[in-house]
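The values are calculated or read from the model by the stated rules, or taken from the named source; none is laboratory data. Source: prediction; values computed, not measured. We place every Cβ from the backbone using ideal geometry, glycine too, and count neighbours over all the protein chains shown. These area figures cover heavy atoms from the full protein model, side chains too; ligands, DNA and RNA do not enter into them. Shrake-Rupley method; radii C 1.70, N 1.55, O 1.52, S 1.80 Å.
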Amino acid sequence: MSTPTDAHAFIDLDQQPGHLIRRAHQISVSVFLDVVGREVTPIQYAMLMLLGQRPGLDQLTVAQEVAIDTSSCADIAARLEAKGLITRDVGARGQRSLHLTDDGRSLIQDLSVPIQTLQDTLLEGLTENESSELLRLLRKFVSLNNERSRAPLRKRRP
């Protein structure tokens, strides 16, 4: 005899948003590595792009605006510094400000075509309207659930 909860015990994975989001992330990272390469990870790329747009941000702000925890941000910044892509300068209040090096700026330029190819590859097979709708729904989902994250996105504009 079945109970009322039996019907919910085995929900098809393709009907579970968390499973589909995990798979989408898995695919996105895989395609990133295939198309863009392994010189930087997707999160390292995001940090470099942010610093290219807003040089001199402190690590806390970078962590908030890329939506990662501060200890991960510090580790990633150290790796980027070791690769010669950024510098970390300690300010008067002990905060580290981050700046792209010439190599970091050059890398961002070099990756512009592969990043566009990545975007095109991820959206391949979708119509222009479907691509726009997917991105709109992803932005809405992220916005509605931001505060549930362990590292919520915090955007500050200059």
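Of the numbered conditions (1) in contact (Cβ under 8 Å) with a residue 24 or more places away in the chain; (2) surrounded by 14 or more Cβ atoms within 10 Å (Cβ to Cβ); (3) farther than 27 Å from residue 156 by Cα, residue 123 satisfies every one except a single condition; which is it?
Against the list (1) in contact (Cβ under 8 Å) with a residue 24 or more places away in the chain; (2) surrounded by 14 or more Cβ atoms within 10 Å (Cβ to Cβ); (3) farther than 27 Å from residue 156 by Cα, residue 123 comes up short only on (1).
Output the number of residues of the range 59-104 satisfying the condition of being in a helix (DSSP H, G or I) and either aliphatic (A, V, I, L, M) or open to solvent by 60 Å² or more (accessible area, probe 1.4 Å) (or both). Outline the logic, then answer.
If we filter the range 59-104 for residues that are in a helix (DSSP H, G or I), which is where we start, we get 59-66, 70-82, 102-104.
From the residues that got through so far, the ones that are either aliphatic (A, V, I, L, M) or open to solvent by 60 Å² or more (accessible area, probe 1.4 Å) (or both) too are 60, 62-63, 66, 70-71, 74-82, 102-103.
Count: 17.
So which of 121, 117, 70, 127 ends up being more than 24 Å from residue 30 (Cα to Cα) and of a type in the set (Val, Ile, Thr)? Let's see the steps before the verdict.
Numbers: 121 fails: more than 24 Å from residue 30 (Cα to Cα); 117 fails: more than 24 Å from residue 30 (Cα to Cα); 127 fails: more than 24 Å from residue 30 (Cα to Cα).
Result: 70 is the single residue among 121, 117, 70, 127 that is more than 24 Å from residue 30 (Cα to Cα) and of a type in the set (Val, Ile, Thr).
If residue 155 satisfies all but one of (1) outside any helix (DSSP H, G or I); (2) without any contact (Cβ under 8 Å) to a residue 40 or more places away in the chain; (3) open to solvent by 70 Å² or more (accessible area, probe 1.4 Å), what's the number of the condition it fails?
It is condition (2) that residue 155 fails.
Condition first: surrounded by fewer than 20 Cβ atoms within 10 Å (Cβ to Cβ) and not small (Gly, Ala, Ser). Now tell me which residues in the range 49-58 satisfy that. First the steps, then the outcome.
The initial filter retains those residues of the range 49-58 that are surrounded by fewer than 20 Cβ atoms within 10 Å (Cβ to Cβ), namely 49-50, 52-56, 58.
Passing the criteria: 49, 50, 53, 54, 55, 58.
Return the pair list, or none, for Cβ contacts closer than 7 Å from residues in the range 91-120 that are without any contact (Cβ under 8 Å) to a residue 40 or more places away in the chain to residues that are of a type in the set (Ser, Thr, Tyr) and surrounded by 12 or more Cβ atoms within 10 Å (Cβ to Cβ), at least 6 apart or on different chains.
From residues that are without any contact (Cβ under 8 Å) to a residue 40 or more places away in the chain, the pairs are 91/97; 101/87.
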